[in-house]
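Report on one structure; see the data block that follows.
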Amino acid sequence: MSFEHVEKVAQVRDQDSANERLAAGWSLLAVVPGFDNGVAYTNFVMGKTATGGAAHSDFPLANDAAVAAIQFALSDDDGMQFLRLWNGGDFDIIRREWPDAPEEVFIGADPLHKPSK
């Protein structure tokens with residue numbers, strides 16, 4: 001993703017902080033899993049343009065794991081469960097229950113992922 005118009009980028013771990021930034025004119029750029037001492041958590045990556053407006057409207061979606069996971073979930077009948085598991089880092093369950101999930105949903109998100117290429 002290009003950040004040429006983004007003045008600030010911030011990462012927060014809780015929904016309340018993310019919602020406060022959204023109300024202040026920030027945009028949600030990505031929701032990605034994080035791991036700290038073996039504990040999974042959610043990172044909300046926020047961006048703000050120099051004019052204070054939303055940053056996401058100027059940029060195409062990046063080809064990263066979060067975007068791939070959301071796009072896949074939108075096309076699946078049980079997409080919310082897929083995202084819950086993905087966000088929780090339950091990648092083995094995802095591989096078992098959604099064998100057709102694209103490799104892109106694992107690259108960079110699953111620390112144990114081994115690329116097929």
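For (1) surrounded by 13 or more Cβ atoms within 10 Å (Cβ to Cβ); (2) of a type in the set (Gly, Ala, Ser), each residue gets a yes or a no:
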| position | (1), (2) |
| --- | --- |
| Glu7 | no, no |
| Asp16 | no, no |
| Asn19 | yes, no |
| Ala24 | no, yes |
| Pro33 | yes, no |
| Asn37 | no, no |
| Ala40 | no, yes |
| Asn43 | yes, no |
| Gly47 | yes, yes |
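Against the condition outside the structural domain of Pro33 (by TED's automatic domain parsing) and over 14 Å from the mean Cα position of the chain (by Cα), how does Asp76 come out, does it pass?
Yes, satisfied.
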Going through Asp76, Asp92 one at a time, which residue ends up being at pLDDT 85 or above, outside any helix (DSSP H, G or I), surrounded by fewer than 17 Cβ atoms within 10 Å (Cβ to Cβ) and of a type outside the set (Gly, Ala, Ser)? Asp76
Qualifying residue in the stretch 34-50 (condition: among the β-branched types (Val, Ile, Thr), assigned to a loop (DSSP other than H, G, I, E, B) and modelled with pLDDT under 85): no
For the subset of the stretch 95-117 comprising residues that are part of a helix (DSSP H, G or I) and acidic (Asp, Glu), which member is farthest from the chain's Cα centre (by Cα)? Glu97
All-but-one check, Asn63 against (1) crowded, with 16+ Cβ neighbours inside 10 Å; (2) at pLDDT below 90, failing number (1)
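The values are calculated or read from the model by the stated rules, or taken from the named source; none is laboratory data. Quick caveat: nothing in here was measured; it's all calculated off a predicted structure. Positions of Cβ are generated from backbone atoms using ideal geometry, with glycine treated the same way; all protein chains shown enter the neighbour counts.
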